[in-house]
């Protein structure tokens, strides 16, 4: 294993590529009450044309929304997998950087997220989401991938690399959750527990959580724009449907413990870890007697890199859960190392 430690003196200012949908919130976006979205975000614009992959799963017809930017001949396609609280659109700046290097980029919204179907009943698992996404890549004729995931998307990316290793050249994990087996330490909760929490959600609560846990108390128009989808759904007519899908997909994080299979990865793996991150799902309902501190990414990244064969650890000091937004310039240096021109 090779360890690359990013020094804290690196430039930390955010410098976005091109014209970003996240840069400045419009006047309407500043007025939270004016934003209203349906379950499929039909009135919310993505940075690139959105297509739909129609398929059958679990005895129902579903659609997976995706954006696809073809690359230069001979270059692999980078499959970008979003986190739990986001949709594919937040990958825009990463996608622009990769496309300028000639890579293809594929950005799907998983079922239950973004512009994709929100089924009333679905057995969510990382195996199912990986199979759905693999079906999309096969329909597009893509067989040469770099799989890159952030947060919950890191768990899905790991499952994809385990299940479809012959298709994957490299695995890139950006502050993935799931670097510890949460159900060893916390009580299992029924989706109805999370549904009630979702129904009680407010945009003020969403912002307070992200400000505290993602950005170390800092806030900006760019960070604010990342909450626009939440604002629209909370105000929209389909919030109970969206909230139920949000609740069902929490189960993935607790039951899909890919950490127990990290030693089975066969592809070169890069871990990009903001060491200030303390994301620890379930820390509010630990099992009796459990004293473990969840979410110690300054330790978890190192532990994962020791277990994963052929792993490279890239640590970002004093950066939290969202390095691609909080410290884009430093994050970009790492991507330039991983993704050659």
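Throughout, read-outs are computed from the coordinates displayed, never taken from laboratory work. Note that the structure is predicted; figures quoted are calculated from it, not measured. Because the Cβ atoms are built from the backbone with ideal geometry, glycine has one as well, and the counts that use them run over all protein chains shown.
For the reader, a short list of remarks on this structure follows.
- Expressed in units of 2.2 N^0.38 Å, where N is the residue count, the Cα radius of gyration of segment 253-321 is 1.20.
- Relative intensity of segment 293-341 on a log10 scale, I(q)/I(0) at q = 0.14, 0.23, 0.31 Å⁻¹, equals -0.41, -0.98, -1.16, per a Debye sum over C-alpha point scatterers of equal strength in the absence of solvent.
- Annotation: segment 29-185 has a Kirkwood hydrodynamic radius of 16.2 angstrom, from the mean reciprocal C-alpha pair distance.
- Percentage, to the nearest whole number, of Cα pairs in segment 109-243 over 24 Å apart: 44 percent
- DSSP beta bridges in the chain [antiparallel fraction, %, rounded to 5]: 30 percent
- Antiparallel DSSP beta bridges within segment 41-136, percent to nearest 5: 80 percent
- Per-selection Kirkwood Rh - segment 98-181 (Cα, Å, 1 d.p.): 13.6 Å
- Here residue 238 and residue 303 are evaluated by their C-beta separation; at R0 = 41 Å the FRET efficiency comes out at 0.50.
- Dimensions (Å) - segment 207-341, Cα atoms, principal axes, largest first: 48, 42, 27
- Förster-model FRET efficiency, 41 Å R0, residue 190 and residue 101, C-beta, rounded to 0.05: 0.35
- The Cα-based radius of gyration and maximum Cα-Cα distance (Dmax) for segment 196-270 are 16.4, 45 Å.
- Cα-based convex hull, the chain, per residue volume (Å³, whole number): 130 Å³
- Inter-part distance where segment 191-235 and segment 277-331 are each reduced to a Cα centre, Å: 21 Å
- Among 239-252, 155-168, sorting by the average number of other beta carbon atoms lying within 10 angstrom of each residue, highest first, gives 155-168, 239-252.
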